[in-house]
Amino acid sequence: MAENINALNFASHRPSLGQNYLIQGSDAHLIDKVLDRIKRSLSQENEIDISIVYGDEIKAAELGEYLDTFTIFSSSKLVIIRNTEALLKKELEVLADYFESPSEIQTVAIVTEKANKTMSAWKKIAAGCQTVICDPPRFVGEMRTWLMEELRRIGKVMTPGAIAEFTNRIELDYATAANELLKIDLLVGSRKQITERDLDSLSGSRAGTQIDFFRAMGARKTKTALEAVNLMLESDWEPLQIHFSMFRFFSNLWKIQLLKARHITDSEISSKHIPDIYPTQRKEYLGFARNYSIKGLEKIMELLLKTDHKLKSSTIDKRLELDLSIINILGQK
């Protein structure tokens, strides 16, 4: 069975007629991008009929007809089945049975938010398909991967500072990010390089929430930090996203303190060694670092690694674990 493909890497995949896809996840923007890639690739070499059906509406007999019937106007088909998780048992079995003898001149793209692969029907479907994962971004690194691919697609480059500002400031949502990047692309016109100055129009507000959280931690204000986390969670941040931002924050403080221990000046640290931090915030970070010792930061990094393991467990209260982590971290000497 082929390995799962992350939707962020699907642009390099070349769909072919007869290859079937299980498009799994909840990110509508990525799902649409994957389907568009499949449609465009198949249409380049074939005259294809495209049918779209919905799992919460289709009945078994009708689904069977869609899968088995061809028209006189084309020699090949693409059948897209959306909301497949809503298929009832009988309809799901019709779909699974198709993969016992799939057509070589038809591609079936099955879109579902989740697939229970312990069920025999879903096992058959998964075995007959290439799975493409379309999950929403969980942390900044995934948004950066998306951004670099989109920049290649539109033939643009961003300066390191602009990349850092875009990925840190934009909402963790691919559709929102795509709209903002399109706006920036239109504003810069034929110019190939996008700089920090071009991001003045960026409407994302996530950085404001994040820097408030960082300021609270930098000043070791536990109550304020917990209040900031509560606001972030209410704004649909995931506990793991917040934890990742904490890891990045304290990694920068640790780096600053290690550089200062080598007698590197604040000015040199700011200008050369912390490019991922907004230029307007570097002085603040230097001040944050003064509130932590190297030994204390080493203990904090150990605590963060332990918290990372706990947050990836499904058996704990992630919100409580995040709060306890902040209390323990800010309690370090």
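The values are calculated or read from the model by the stated rules, or taken from the named source; none is laboratory data. Remember, it's a predicted structure, so these values are computed and weren't measured experimentally. Methodologically, a virtual Cβ is constructed for each residue, glycine included, from the backbone with ideal geometry; neighbour enumeration extends over all protein chains shown.
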Query raised in the report: Which ones in the stretch 83-110 are of a type in the set (G, A, S), more than 22 Å from I133 (Cβ to Cβ) and in contact (Cβ under 8 Å) with a residue 60 or more places away in the chain?
Result: S103
Query raised in the report: So is L226 under 25 Å from L304 (Cα atoms), touching a Phe, Trp or Tyr at 6+ places or on another chain (Cβ under 8 Å) and in the same structural domain as S293 (by TED's automatic domain parsing) or not?
Result: no
**Report entry** Matching residues in the stretch 280-333 - criterion: being over 20 Å from A261 (Cα atoms), of a type in the set (A, V, I, L, M, F, W, C), free of Cβ contacts under 8 Å to residues at least 60 places away in the same chain and in a helix (DSSP H, G or I)
**Finding:** L303, L305, L320, L324
Requested in this report: State whether the residues of the stretch 291-307 include one that is of a type in the set (D, E) and in contact with a helix residue (DSSP H, G or I) (Cβ under 7 Å, 6 or more places away or on another chain).
Outcome: no
Report summary line: Among helices (runs of 4 or more DSSP H) entirely within the stretch 104-193, at least 3 residues that are within 21 Å of the chain's Cα centre (by Cα) occur in 140-154, 160-169, 174-188
